[in-house]
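Participant: Got a structure for you, questions after.
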Amino acid sequence: MIRKFVAVAVLVCVPALAVAQQQASTPIVKKGSAPVTTPVSGEEQFNSYCAPCHGKTGRGDGPAAAALTPRPSDLTQFAKKFGKGKEFPAKDFDDKLNGMAMSAAHGSSDMPVWGPILRQMGNDQLRFYNIRKHVETLQAQ
């Protein structure tokens, strides 16, 4: 049941995105289902769910970025933008993942709020933690 819900929920999500060209050369987002990833690998989850928009390096340059307005955030600047000092702002990151204080892009049909989707997959706290830890490794110095 959970897998069926996740598959349906993720169909309206971003993961298996590809950017295609229309006749007018306007990029569009093609949506597809996402695999249920292991909760222990933040990198695998990031690459499946975040990288299509934010890019594998987190700079907001994923293959679907050109089709999105507003453009995806540069996650390498997350700590600089939201942090107070040298510590990564974990609560701010988790709040955004859960749909609190989101930009207009999150929660739309192009960029979903991932918290509820990850909760349906199970082990959500472990998933949030490992995605956050991976994003921490992407921070610009």
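The values are calculated or read from the model by the stated rules, or taken from the named source; none is laboratory data. Not measured: the values here are computed from a predicted model. Note: ideal-geometry Cβ built from the backbone for every residue, glycine included; neighbour counts use all protein chains shown.
Participant: Select from the range 32-46 the residues that are surrounded by 16 or more Cβ atoms within 10 Å (Cβ to Cβ), at pLDDT below 95 and within 10 Å of ARG127 (Cβ to Cβ) and list them in ascending order.
Facilitator: THR37, PRO39
Participant: Does GLY115 qualify as being at pLDDT below 90, under 11 Å from the mean Cα position of the chain (by Cα) and either under 25 Å from ILE28 (Cα atoms) or not β-branched (Val, Ile, Thr) (or both)?
Facilitator: Criteria met by GLY115.
Participant: Given the residues ALA79, ALA90, which is the only one that is within 21 Å of ARG127 (Cα to Cα), in contact (Cβ under 8 Å) with a residue 40 or more places away in the chain and either surrounded by fewer than 18 Cβ atoms within 10 Å (Cβ to Cβ) or among the basic types (Lys, Arg) (or both)?
Facilitator: ALA90
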